[in-house]
C-alpha cells in the first residue's frame, strides 16, 4: 500500500492543554510562561508534561529494564499502512478477544477502534475501558505486529494484567500507541504516521498521530 494520491489527512491526536486529565498518578500537564512579548520581545513557554500524557507512544523501556528508549525506535514501524479493526460494540469493561482481530499478518500495524476517546475527561475513561484479553496479547506478540494503536489509555484496565500485557508486547518489539481519538471516521485501510519526540533515554513520548486515507 502506498500513500493515497488524493489524500485526506485525519488527526488522531488528543489536544494537550494545562490541567487536562492524565493517567492517575502521572505528572500533570502545565504550560509556564518564560518570556513575554511585552517584557522580552518574544514568547517562550516552559512545558511540563509526563511521557505518557494524552496521545502517546510506549517504548520498551517503559516496562523493560534493558528496553529500547524512544529515540531508538525504528521509523519504519511508525510510518506505513495500517488496518483499522472496528471494536466499537465492545462494552465498557469488556474484553477484546483474539477472534475480533481477524487474520493478523506478521509485522502489520493495527488500530483498534473502540470509540473510547469519546469518554475522555470522564472518570470512566481511565477505569472501565475495554481491555485486551490474554489470547489477544499472545497473538499480537507472536505475530510481532509493528505497531498497535488504541483509543483507550492503556492495554488493560486491571493493573496487573496491564503490566503483563505491556511486557509481552514491548518484549516482542511491538510499538504501542495509546490515547488515540477519532478512529470512527477512518476507512479500514489507512497510511499511518505516528511520530514521538526524539527524547534521548526516555520510556515514551507524547506524539502526533496522523492517518492518511482516500
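Most fluctuating residue of 142, 53, 66 in a GNM of the chain with Cα springs under 10 Å: which is it? Sorting by GNM fluctuation, first place goes to 66.
Using a 10 Å cut-off around each Cβ, can you sort 42, 156 from fewest to most neighbouring Cβ atoms? Intermediate values should be presented prior to the final figure.
On the way: 42 9, 156 23.
Listing 42, 156 from fewest to most nearby Cβ atoms yields 42, 156.
Most exposed first by the Cβ proxy, i.e. fewest other Cβ within 10 Å, how do 55, 45 rank?
Values: 55 25, 45 11.
If I rank by nearby Cβ atoms, fewest first, I get 45, 55.
Of 56, 34, 166, the sequence from fewest to most neighbouring Cβ atoms within 10 angstrom is 34, 166, 56. For the stretch 100-196, a Kirkwood hydrodynamic radius built from all Cα pairs, placed in the Stokes-Einstein relation at 20 °C and 1.002 mPa s, yields a translational diffusion coefficient of 156 µm²/s. With contacts taken as Cα pairs under 8 Å at a separation of at least 6 residues, the chain carries a relative contact order of 32 percent. What whole-number distance in Å separates the alpha-carbon centres of the stretch 174-189 and the stretch 114-163? Taking the Cα centre of each part, the stretch 174-189 and the stretch 114-163 sit 12 Å apart.
Which angle from 0 to 90°, rounded to the nearest 10, does the C-alpha axis of helix 159-171 make with the longest principal axis of the chain? Helix 159-171 sits roughly 80 degrees off the main axis of the chain.
For the chain, with a Gaussian network of springs between Cα atoms less than 10 Å apart, report the residue from 50, 173, 97 with the top mean-square fluctuation. Ranking 50, 173, 97 by mean-square fluctuation puts 97 first.
In percent, rounded to a whole number, the relative contact order of the stretch 143-182 is 60, using alpha-carbon pairs under 8 Å and six or more apart.
A short reminder: the numbers here are calculations on the coordinates, not readings from a lab. Fair warning: this is a prediction, and the values are worked out from it, not measured in the lab. So basically every Cβ, Gly included, is an ideal-geometry build from the backbone, and we count neighbours across all protein chains shown.
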